C-alpha cells in the first residue's frame, strides 16, 4: 500500500511538472488583463488581437507552407534512403551510410544550422523561403528514413517476390504492394517531419531571410520585447492542433485494432 | 530398379523412357552464397505433368534450387532449361512459373478476389476474362463465398487455398510449392495433400514441391529427390525411396529404420546365396545384387515393420535372427513399436500392427523374445 501511494505521488509530480506550465499558458491566453501574470477575468481579446496581427499571421502562413513542403520532400527522400539502406545490402560502405543517417539526430542544431548557412553563403544563394525548406528537409529527412527503415526491416519480402512472380515488374510492385503496406510508417514519418519543421527555431533562424519569418522566430523575437498574451493565444492554438492530431491518430489506431480483432474472430469462426 | 516396388499411383513414368524429353532440366547447377555452397554441381531432370518433390532437411539447398527456377536467385554456375530454353537472365516476372509461398504471401491490403486477379491483371487480360478466371479459381478451391474478404479475415486453411488459387490463376507451366502445407494442422494437411494430387492430375500441370516432411512428399509426388548438403542423394518414386534407399542417409531420412553395421563375408549374387554379413557376431544373409566385395564395411538396413517378433525361437536361429528382451514399447495407436535389446546389447526396433485390441497384447517390458526377418526383408547399403 505504501508503495502504491509513493507511485501515485511520483506520477502526479511528474505529470504536474510536464503539464502545469502548459496549463498556465492556456489559462492566461484567456486573460483579460494585458499583464501576463495577473488574472483580470475571462476574455477572448487576445485571440482577436492575434487574428488581426498581420505579422503573426504571415509568420504562421510561412511556417505552415515550409512545414508541408519540407515534410513532403523529406518523406520522399527519407523513404528512398530507407529503401536503399535496407534493400541493397551489398553496396560498399553501407554500414557507414546507415550510421551517417543517424548523425543529424545527435548533431547539435546550432551546428546543422550553421553549416547549412555556410553552404548557402558559399554558393551565394539568397536566403529566404526556399533555403529554410532545404534546411528543414535536410534535418527531418533522417527521421523519416529511420521510421520507414524500421518498418521495412519487418516487411515480409515474399510479398514483393509474390508480385514479381505473378508478372509484376519491380517499379510497379513498389507502388502496388510495398508502398501501400509501408504507408502508415511513411505517413508517421511525414507527421514527424512536419512537427519538427513546425517548431524549429534554431536551424530556421540561421537560414531564413527577409520575408520568410517562421512562427517560432516571430514568437521568439516578440518574447524578447516582452511576453504579450497574444503569444499565449497562438501557442494555445498550436497546442490544440497538436492535441487534435494526437487524439485523431490514437482513435485511428484503436479503430484498426478493434477491426483487426473482429477480423480474427470472424476468421476463427470460419 | 528391375522389379516395381510398392503401389503404383498412376501409369506415368516418363523417366523410364529414354526417348522422353525433360521439361525442366537443371544442368550442373552450383549456387554459392559467399563461402557457403547451397547447391553443388547438381543435375536433375523433371518431366512434363510430373509431381516432383524436393525433400531434405533445412539448409540442404532444396529451397534455393526452387528459387533459382522461379528466378529469385541466379545460379553461380550451370544452367536451367525449361522446355529446352535457357532461363538465364530472365527475370521472375517474365518466367512461366508461379510459386505458392510458404508464408502464402497474400497481399494483406487486397481482397481474396483481388489477390487472385493480380497475376491476370499483369497480363493485361480483358476484364471479363479476368473475372471469369477468378470465379473459376474460387470455385476450384471452394472459396466462392469468401471473395470479398481480406486475408486477415480468413482461417489458415482458407488462406492456403487462396494462395494456391492465386498461383494457379495464370495457368503456369510449372507450379512451385514451397512447403505449402507446413502451417496447417495434421488433419487438414492430409486432406489437402490428396486434393493437391487430384488438382495436379485434373489440371495436367507440372508441380514441383519443396518439403522437409517425408510423409507429404510420399503422398503427393510421382518422384522424390532426397537432398543433403546441396547434392541429390537419390531420385526415385516414393515406393523405391522407401523400399530401396541407396544410402544410409536416405534410409535414415525416410521413415524409421534399423541400421546395423557389418562386414561382407561373401557376396554371391541374389540367386545363388546372397550377401553374407558378419555384424559383430550377428550373421545376416540378404538376397540382393550388391556391388560390395568381401571385407567391405557396409550397413544392413531393415524397416521395423519387416522385423518379426516372436516369443518362441524361429526355425532358423543361426542367421537373420537374434534373442533379447523387450526394452521399451511405444504405443502409437495403429501399431506399437517394440525396442528389443538383443543379448549382445544391440537394440532392434520392431513394429507390430495392433490388429487385436490392447487387452490381448501379450508382450510387455522385460519379456524374452526373438526377432527375425526373411532374406529379402532388408537391404545392404554400401554408401
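No lab work stands behind these numbers, since they all come straight from the coordinates. Model, not experiment: these values are computed from the prediction. Every residue, glycine as well, gets a Cβ built from its backbone with ideal geometry; the counts of neighbours run over all protein chains shown.
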Quiz item: Once every DSSP H run of n ≥ 4 in the protein assembly as shown is given -39500 (n - 2.57) and the sum is divided by its residues, what mean residue ellipticity at 222 nm do you get, rounded to the nearest 500 deg cm²/dmol?
Solution: -14500 deg cm²/dmol
Quiz item: For A:170-182, what's the mean count of beta carbons from other chains sitting within 10 Å of each residue's beta carbon?
Solution: 2
Self-check item: Cα-derived Rg over Rh, computed across the stretch A:1-77 with Rh taken as Kirkwood radius
Solution: 1.22
Practice problem: Sorted from largest down, give the three principal axis spans of the alpha carbons of the protein assembly as shown, whole angstrom values. | Solution: 117, 70, 51
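Counting partner chain Cβ atoms within 10 Å of every residue's Cβ in B:154-162, what's the average? Please list the in-between numbers first.
Working: counts 4, 6, 2, 1, 2, 1, 0, 0, 0.
Mean partner-chain Cβ count within 10 Å for B:154-162: 2.
Can you give the average number of partner chain beta-carbon atoms within 10 Å of each beta-carbon in peptide B:88-95, as a whole number?
Numbers: counts 0, 0, 0, 3, 10, 10, 3, 3.
That average works out to 4.
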Exercise. Over the residues of the stretch B:126-191, compute the C-alpha Rg and express it relative to 2.2 N^0.38 Å.
Key: 1.17
Quiz item: Ranked from highest to lowest mean number of other Cβ atoms within 10 Å per residue, what is the order of the peptides B:58-71, A:233-246, B:305-318?
Solution: B:58-71, A:233-246, B:305-318
Exercise. Can you tell me the FRET efficiency between residue A:224 and residue A:19 if r is taken as the Cβ-Cβ distance and R0 is 22 Å, rounded to the nearest 0.05?
Key: 0.30
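What's the exposure ranking of A:254, B:170, going from fewest to most Cβ atoms within 10 Å?
Numbers: A:254 10, B:170 23.
So the ranking, lowest neighbour count to highest, is A:254, B:170.
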Exercise. Could you give the C-alpha radius of gyration of the stretch B:68-201 expressed as a fraction of 2.2 N^0.38 Å, taking N as the number of residues it contains?
Key: 1.10
Quiz item: On alpha-carbon atoms, Rg over Rh for chain A using Kirkwood Rh?
Solution: 1.06
Quiz item: Using the reciprocal of the averaged 1/r over all distinct C-alpha pairs, how large is the Kirkwood radius of the stretch B:132-232 in Å?
Solution: 14.6 Å
Self-check item: Point-to-point label distance, residue B:252-residue B:148, nm (Cα→Cβ direction, 7 Å offset)
Solution: 5.7 nm
Practice problem: Taking only the C-alpha atoms, wrap a convex hull around the stretch A:113-270 and report its volume per residue in Å³ as a whole number. | Solution: 153 Å³
Self-check item: Semi-axis lengths, Å, chain B, gyration tensor of Cα atoms, sqrt of 5 times eigenvalues
Solution: 46, 26, 17
Quiz prompt | Cα-derived Rg over Rh, computed across the stretch A:1-141 with Rh taken as Kirkwood radius | solution = 1.15
Self-check item: Distribution of pairwise C-alpha distances over the stretch A:58-108, 10 Å bins, in %
Solution: 22, 36, 28, 12, 3
Quiz item: If you wrap a convex hull around the C-alpha atoms of the stretch B:1-119 and split its volume per residue, what is the figure in Å³?
Solution: 175 Å³
Quiz item: So, in Å, what gap is there between the alpha-carbon centers of the stretch B:291-307 and the stretch B:81-111?
Solution: 43 Å
Practice problem: Treat the count of other C-beta atoms within 10 Å as a stand-in for reagent exposure and order B:300, A:155 from fewest to most. | Solution: A:155, B:300
Quiz prompt | Residues B:355, B:259 arranged by fewest to most Cβ contacts within 10 Å | solution = B:355, B:259
Quiz prompt | Surface/4 estimate of mean projected area, convex hull on alpha-carbon atoms of the stretch B:256-381, nm² | solution = 7.7 nm²
